[in-house]
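Just below is one structure, and these are the notes that go with it.
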């Protein structure tokens, strides 16, 4: 049970370029399977970080160098602009959210506490014949289980999708004459 979790944690830490916690490192030392997973991840990281062989470095005055410089400058300026805006907007959004939550709680409390209490003596008793004249019969006759309807819709959609896939992707020589029409 623990091995899959440990493997996932090893992969997560390696993908995020963080060092493994001491307890996970000890588990890797004890278990050969986990050690192999860690070694594989380390080798993969090392291979991805090394520059490819046989690729010439970008010349300083080339078009690629100018484009890369422009991109990094734009990214840097955009990050700086966001960093300057973030504290103001972050605080404003947080405060507005807290105010909205407080208002919603107050409104819910007000409506809950100020509901009219009905006096049992004020309840009007209606005879059984008046209240159910044909209503239940109408409901029973037209009522259809919504889950049954959903199953019918799902089956119908699946049939339509299969028909579309068959007519679109299956060669016409494989289709029967009825499906081609």
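Laboratory data are not the source of any read-out in this text; all were calculated from the coordinates shown. On a predicted model such as this, the values are computed, not experimentally measured, just so you know. Neighbour counts run over all protein chains shown; Cβ positions are idealised from the backbone, glycine included.
At a 10 Å Cβ-Cβ cut-off, how would you order 170, 55, fewest neighbours first?
Values: 170 11, 55 7.
Going from sparsest to densest Cβ surroundings: 55, 170.
Take residue 48 and residue 8, extend 7 Å from each Cα along the Cα→Cβ direction, and tell me the distance between the two endpoints in nm.
Distance between the two pseudo-spin positions: 1.9 nm.
Starting from the Cα gyration tensor of segment 2-49, take the square roots of the eigenvalues, sort them a ≥ b ≥ c, and report rounded, prolate or oblate (rounded when a/c is under 1.5, otherwise prolate if a/b is larger than b/c, else oblate).
prolate
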